[in-house]
Amino acid sequence: MRSGEANGFLPERISLFGVTALPPSHLELFAEIGKRINVHLFLQNPCREYWGEIRDRREIDRRAGGRDPEALRLEVGNSLLASLGGASRELFDRLLDLDTAGESRFEEPGVSCLLRAIQSDLLDLQNRGGDDEPATLVDPADRSVQVHSCHSPVREVEVLHDQLLALFDSEPTLTPSDVLVMTPDIDRYAPIVEAVFGSVDA
């Protein structure tokens, strides 16, 4: 690439969508390609503030090793983002180190339900309900975030089936195209989904 031998093989542009993590070597490669053609990264950033220094409480305590955690200049920020956003945090931090132009667009989720309140906390890097921020009162009937503990994958899919039917029944405007179901191991769940959902008459 650096010798210019690959220039004739490059497309007009490269666009990457929905990437949550890129190894440093891949990012270096795209940065080098970006010197020759346009490389566009379309990324979902949950936070409009700089969140490169946030860490979860356990990591801060581990790094401190008995010293004053304040000396590390690390903060929790939003505890959910600090504990689950490590891969994306590293990607955004590496992108800041590159000489790139970027444009950000954020939408205010509001706090009309628990899910939107969580999204707002992520967006503004705040910890609602912590020492500094008062908790938001949520309607007891709010079902925007649900946690179901199931004893097996089969039961998980059965509960998913029942919950989806209940949602379609209570929300007349909801359609199957509005629903995204995600799992870390689709090969494990595919036959179960087929058995549970395939038993319903079309």
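The values are calculated or read from the model by the stated rules, or taken from the named source; none is laboratory data. These numbers come from a predicted model, not from an experiment. For neighbour counting, all protein chains shown are included, and Cβ atoms are generated from backbone atoms with ideal geometry for every residue, glycine included. Side chains included, ligands, DNA and RNA excluded: accessible areas come from the protein's heavy atoms. Shrake-Rupley method; radii C 1.70, N 1.55, O 1.52, S 1.80 Å.
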(message) Residues to consider are ASP139, ASP185; find the one that is open to solvent by 90 Å² or more (accessible area, probe 1.4 Å) and either of a type in the set (D, E, K, R) or in contact (Cβ under 8 Å) with a residue 40 or more places away in the chain (or both).
(response) ASP139
(request) Could you please give the count of residues in the range 9-23 that are over 29 Å from ASP121 (Cβ atoms) and surrounded by 12 or more Cβ atoms within 10 Å (Cβ to Cβ)? (result) 2
(message) Just to be sure before I move on: is ARG36 open to solvent by 80 Å² or more (accessible area, probe 1.4 Å), closer than 17 Å to GLU103 by Cβ and in a loop (DSSP other than H, G, I, E, B) in the structure I sent?
(response) no
(request) State all residues of the range 1-15 that are more than 12 Å from LYS35 (Cα to Cα) and either among the hydroxyl-bearing types (Ser, Thr, Tyr) or in contact with an Asp or Glu (Cβ under 8 Å, 6 or more places away or on another chain) (or both); if no residue qualifies, say none. (result) SER3, SER15
(request) Return yes or no: is GLU70 modelled with pLDDT under 85, open to solvent by less than 80 Å² (accessible area, probe 1.4 Å) and out of contact with any Pro (no Cβ under 9 Å at 6 or more places or on another chain)? (result) no
(message) Being in contact with a helix residue (DSSP H, G or I) (Cβ under 8 Å, 6 or more places away or on another chain) and either among the β-branched types (Val, Ile, Thr) or outside any loop (DSSP other than H, G, I, E, B) (or both) is the filter here; which residues of the range 134-155 pass it?
(response) THR136, VAL138, VAL145, PRO153, VAL154
(message) Looking at LEU96, LEU122, LEU165, LEU160 in this structure, which one is at pLDDT 90 or above and within 22 Å of LEU81 (Cβ to Cβ)?
(response) LEU122
(message) Given the condition touching a helix residue (DSSP H, G or I) at 6+ places or on another chain (Cβ under 8 Å) and either hydroxyl-bearing (Ser, Thr, Tyr) or at pLDDT 90 or above (or both), answer yes or no: does some residue in the range 3-12 qualify?
(response) no
(request) Return a yes/no flag: does the range 116-128 have any residue that is touching a residue at least 12 places away in the same chain (Cβ under 8 Å), part of a helix (DSSP H, G or I), touching a helix residue (DSSP H, G or I) at 6+ places or on another chain (Cβ under 6 Å) and within 30 Å of LEU22 (Cβ to Cβ). (result) yes
(message) Just checking, does the range 74-92 include any residue being open to solvent by 80 Å² or more (accessible area, probe 1.4 Å), at pLDDT below 80 and not in a loop (DSSP other than H, G, I, E, B)?
(response) yes
(request) Enumerate the pairs (first residue in the range 143-155 and surrounded by 12 or more Cβ atoms within 10 Å (Cβ to Cβ); second residue anywhere and among the β-branched types (Val, Ile, Thr)) with beta-carbon separation below 6 Å, excluding pairs fewer than 6 apart on the same chain, so at least 6 apart or on different chains. (result) CYS150/VAL159; PRO153/ILE192; VAL154/ILE192
(message) Against the definition (among the aliphatic types (A, V, I, L, M), part of a helix (DSSP H, G or I), without any contact (Cβ under 8 Å) to a residue 40 or more places away in the chain and over 30 Å from GLU49 (Cα atoms)), how does VAL159 come out, yes or no?
(response) yes
